[in-house]
Every structure is written in structure tokens, then in C-alpha cells.
Amino acid sequence: MPHMNKRLCNGEFAPAFRVPDLQGDTVDTRNFRGRWLLLSFYRYASCPLCNLRVHKLSGLHAGWQTRGLDMLAVFQSPADKLRQYVGSQHLPFPLIPDPEQTLYQRYGVGHSWIGFLVAWGKRLPEIGRAVLREGYFPGSVEGGIHRIPADFLINPGGRIAEAHYGRDIGDHLPIARIEHQLANRSFS
């Protein structure tokens, strides 16, 4: 199991970072101060559940952006694999390749074989929909196949409003929790 830093908690300042995105543009999280930020950590670029989630978020992006929420998506895959798979969706928010998994470590995002196995029983209909209906066929796996996703909803002051560490490979921060935080507009 790779080294994992401690998990972050609600109320803590989100670790700042400055990295290139898939397009080669610099993403500096300090530039998002004054706005909400949904920072999501996914598995690998061809992960069917990850592609399904990213597709859902892309449909919510325009409405959320007008309400002051920006999004960033981090993958453990290199840029060429992101372009081949999830990047082919032409998403309205930046994708960040992190094959060295530096950001995963900074945010305490880990792995779990149990979480990998549980998802096959718990999320089989969702996996089937991602593959059969949406066409998100799994391809190459970069990084650990047992990577568990995580989401961080960061408030305009730079603090974590919601830290959600998934329990399985398809567990993300529920959309309803994001909506609740946006409606509440807590800046502390």
C-alpha cells in the first residue's frame, strides 16, 4: 500500500497546489478563492464509474458555475490516457493528470481492496449502465485499480466544507450535499 497522508477534515484549509492541467494550462487553487470549488479525485481515465460521474457533473457545470462553483477533476492517469478516455468527452472543467499521485497523497486519498470488491456487488447496475448504455468501456488501468475516489467541496474562503472519502470505487459526494452547501452559502 502506498504512503498515505492523513485524511483531511471539514473546516481545515484545503492544501493549495499549482499544476498543469490536460491542456497544459496552469491550475492554481489559490485563484479559486472567492468561489466554491469541487475538487474530485477519480481512479484511472477509462474507469466506467468515473466517466459516468464526470459526465453527470458536466451536465451540472453551467448551472453551478453561475452559482459560484467551479470544478477540478484529478486522475491517476497520465495525460495521453486522459485524452484517450475521459478527455474525449470535451468537458467544461479542467482535468488534471497526476500519475505520480502527489495530489492524492496531499489530500489523503487512498486505496481499498474491500472497497473495490464491495462495489461489484453494490454498484453492479451502475457499472452495467456505464458500460452498456453509456459506452464507457474499461481500458488500461494506470495506478491502483483499487483506488477509492474522494471529493472536497471547498468554500470561497479556502476551507473544506465537505470532505468525502469514498467507501467504494463508485462512492462520491452526493449531489444533494453539494446543493445544500451552495444553498447554505457558508463562508467560514
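Coordinate-derived values only; no laboratory data. Please read all numbers here as calculations on a predicted model, not as lab measurements. Positions of Cβ are backbone-derived with ideal geometry, glycine not excepted, and every protein chain shown enters the neighbour counts.
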*From V118, V141, which residue is outside any strand (DSSP E or B), surrounded by fewer than 18 Cβ atoms within 10 Å (Cβ to Cβ) and in contact with a Cys (Cβ under 9 Å, 6 or more places away or on another chain)?*
V141
*With respect to Y136, is the statement that it is assigned to a helix (DSSP H, G or I), touching a residue at least 12 places away in the same chain (Cβ under 8 Å), of a type outside the set (V, I, T) and surrounded by 18 or more Cβ atoms within 10 Å (Cβ to Cβ) true?*
no
*Output for the stretch 121-133, where each listed residue is touching a residue at least 60 places away in the same chain (Cβ under 8 Å) and part of a helix (DSSP H, G or I)*: E126, I127, R129, A130, V131
*If you take the residues in the stretch 82-95 that are surrounded by 22 or more Cβ atoms within 10 Å (Cβ to Cβ) and in contact (Cβ under 8 Å) with a residue 60 or more places away in the chain, which one is nearest to S46 (Cα to Cα)?*
L82
*Hey, among T66, T26, which residue is without any contact (Cβ under 8 Å) to a residue 12 or more places away in the chain, farther than 29 Å from G139 by Cα, hydroxyl-bearing (S, T, Y) and loosely packed, with under 14 Cβ neighbours inside 10 Å?*
T66
*Within the stretch 166-185, restricting attention to residues that are in contact (Cβ under 8 Å) with a residue 12 or more places away in the chain and part of a loop (DSSP other than H, G, I, E, B), which residue is surrounded by the fewest Cβ atoms within 10 Å (Cβ to Cβ)?*
R167
*Out of R43, R18, R33, which single residue is touching a strand residue (DSSP E or B) at 6+ places or on another chain (Cβ under 8 Å), among the basic types (K, R) and surrounded by 13 or more Cβ atoms within 10 Å (Cβ to Cβ)?*
R43
*Just one of R147, R159 is under 20 Å from P99 (Cα atoms) and either in contact with a His (Cβ under 6 Å, 6 or more places away or on another chain) or surrounded by fewer than 18 Cβ atoms within 10 Å (Cβ to Cβ) (or both); which is it?*
R147
